[in-house]
Amino acid sequence: MIDKLEEIKNRFEEVGQLLVQPDTIKDMKKYSLLNKEYKGLEKVVMKYEEYKNILSNIESAKVVLNTEKDLEFRKMAKEEMEELPLKKEQIEEELKQMMIPKDPNDSKDVILEIRAGTGGDEAAIFAGDLFRMYQRFADKMRWKMTIMDLQEGTSGGYKEIVCSLSGEDVYGQMKYESGVHRVQRIPATETQGRVHTSAASVVVLPEMDEVEVEIDMNDVRKDTYCSSGPGGQSVNTTYSAIRLTHIPSGIVVTCQDQKSQLKNFDKALKVLRSRLYEIELKKHNEEVGAKRKTMVGSGDRSDKIRTYNYPQGRVTDHRIGYSQHNLPTVMDGEIGTFIEKLRLADHAAKMSEGSTD
């Protein structure tokens with residue numbers, strides 16, 4: 001561990017030097033990436049310095065106990081030898097956690113997309129239930145949620161809803177929600193009281209900026225149209241809604257929540273960047289063979305990750321085999337326990353991978 005920490009310290013000093021180079025300051029993209037790396041390394045280096053200080057104090061206390069005759073000094077050294085090893089263990093554990101390869105996107109805001117899957121009207125209603133669950137969770141976390149686009153279901157809920165979430169550590173918390181969510185319950189339209197299984201897919205994308213994902217606007221077709229649905233007097237009267245089509249990839253993004261065409265365009269561009277980033281990341285992972293399936297899954301949008309069973313009042317996360325029998329509370333936004341357990345499982349898997357590499 002010490003060797004790895006020394007490497008991190010050396011890299012921290014190297015990045016510090018690179019940040020003040022004239023060539024770096026001129027290159028905004030390079031400066032932004034290096035500055036982000038510097039801040040991440042700084043926390044580890046500060047904790048490492050604290051660790052080295054404790055190791056030094058332990059050695060000094062040992063010397064005093066072996067050589068010092070003064071009773072007062074020996075008493076102080078004994079007290080330190082009782083406290084310092086415990087602090088050493090605590091900081092070692094903190095350092096191990098800090099040295100787990102960190103997802104550079106954890107601190108980013110996100111684009112949240114929820115789509116009705118199999119199950120017809122009931123799937124759309126369930127998509128609406130999931131949206132409200134995340135809306136309440138966002139309120140508890142003091143995050144800001146902004147709806148960007150939606151298509152309402154014919155019997156309630158949403159065929160599709162896209163929104164942005166901004167705040168602290170949003171992607172770090174929400175990334176575990178990507179995948180297929182299943183619901184087992186008696187639909188309101190069911191006359192014979194049979195339990196149906198429906199599904200909705202959730203996609204969580206880190207919001208990328210211009211520096212990280214460049215888009216050639218010659219590859220993008222921009223269409224304007226009248227917005228539909230909730231929105232006041234501007235609905236169906238002004239061409240404020242935006243549709244962006246990325247010709248090389250075929251990705252289509254729409255945004256109509258703002259009365260301003262320019263604001264809708266900026267938001268749609270953010271979604272497009274995030275979707276293009278997801279495609280490039282998947283390609284990269286497949287090329288280097290780095291897409292490891294840990295116990296929390298790959299985050300693939302086709303993975304069935306969670307079941308909400310209404311007759312039993314149970315919510316089960318299939319990636320970690322964890323269930324809670326308080327479904328109404330979970331649907332009211334209390335999903336923090338699931339996320340924390342998934343984070344711990346993810347960290348444990350990464351530490352295990354690190355020990356075998």
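Those residues that are outside any strand (DSSP E or B) and surrounded by fewer than 18 Cβ atoms within 10 Å (Cβ to Cβ), I need them from the range 149-171; list them, please.
Of the range 149-171, the ones outside any strand (DSSP E or B) are 153, 155, 157, 167-171.
Of everything in the range 149-171, those that are outside any strand (DSSP E or B) and surrounded by fewer than 18 Cβ atoms within 10 Å (Cβ to Cβ) turn out to be Ser155, Gly167, Glu168, Asp169.
Residues in the range 302-312: is at least one acidic (Asp, Glu), assigned by TED's automatic domain parsing to the domain that holds Val195, at pLDDT below 85 and surrounded by fewer than 18 Cβ atoms within 10 Å (Cβ to Cβ)? Yes, some residue in the range 302-312 is acidic (Asp, Glu), assigned by TED's automatic domain parsing to the domain that holds Val195, at pLDDT below 85 and surrounded by fewer than 18 Cβ atoms within 10 Å (Cβ to Cβ). Test Ser164 against the criterion of being in contact with a strand residue (DSSP E or B) (Cβ under 9 Å, 6 or more places away or on another chain) and farther than 23 Å from Leu327 by Cα, and give yes or no. Spelling it out, Ser164 is indeed in contact with a strand residue (DSSP E or B) (Cβ under 9 Å, 6 or more places away or on another chain) and farther than 23 Å from Leu327 by Cα. Do you know which of the residues in the range 15-24 that are assigned to a helix (DSSP H, G or I) and surrounded by 12 or more Cβ atoms within 10 Å (Cβ to Cβ) is modelled with the lowest pLDDT? If we take residues in the range 15-24 being assigned to a helix (DSSP H, G or I) and surrounded by 12 or more Cβ atoms within 10 Å (Cβ to Cβ), then Thr24 is modelled with the lowest pLDDT.
Against the list (1) surrounded by 11 or more Cβ atoms within 10 Å (Cβ to Cβ); (2) over 25 Å from Gly172 (Cα atoms); (3) of a type outside the set (Phe, Trp, Tyr), the condition Ile91 fails is (2). Of everything listed in (1) charged (D, E, K, R); (2) touching a residue at least 12 places away in the same chain (Cβ under 8 Å); (3) over 26 Å from Glu92 (Cβ atoms); (4) surrounded by 14 or more Cβ atoms within 10 Å (Cβ to Cβ), the single unmet condition for Glu37 is (3). For the range 138-145, the criterion of being at pLDDT below 95, in the same structural domain as Lys350 (by TED's automatic domain parsing) and assigned to a helix (DSSP H, G or I) is satisfied by no residue at all.
Taking first residues from the range 15-33 that are in contact (Cβ under 8 Å) with a residue 24 or more places away in the chain and assigned by TED's automatic domain parsing to the domain that holds Lys43 and partners that are in a helix (DSSP H, G or I) and polar (S, T, N, Q), the Cβ contacts under 9 Å between residues at least 6 apart in sequence or on separate chains come to Val15/Asn35.
Which residue, of Glu72, Glu82, Glu50, Glu68, is without any contact (Cβ under 8 Å) to a residue 12 or more places away in the chain, surrounded by 12 or more Cβ atoms within 10 Å (Cβ to Cβ) and not assigned by TED's automatic domain parsing to the domain that holds His347? Steps first, answer last, please.
Details: Glu72 fails: surrounded by 12 or more Cβ atoms within 10 Å (Cβ to Cβ); Glu82 fails: surrounded by 12 or more Cβ atoms within 10 Å (Cβ to Cβ); Glu50 fails: without any contact (Cβ under 8 Å) to a residue 12 or more places away in the chain.
Exactly one residue qualifies, and that residue is Glu68.
The values are calculated or read from the model by the stated rules, or taken from the named source; none is laboratory data. For clarity, every value in this text was computed on a predicted model and none was experimentally measured. Glycine gets a Cβ as well: all are built from the backbone with ideal geometry, and neighbour counts include every protein chain shown.
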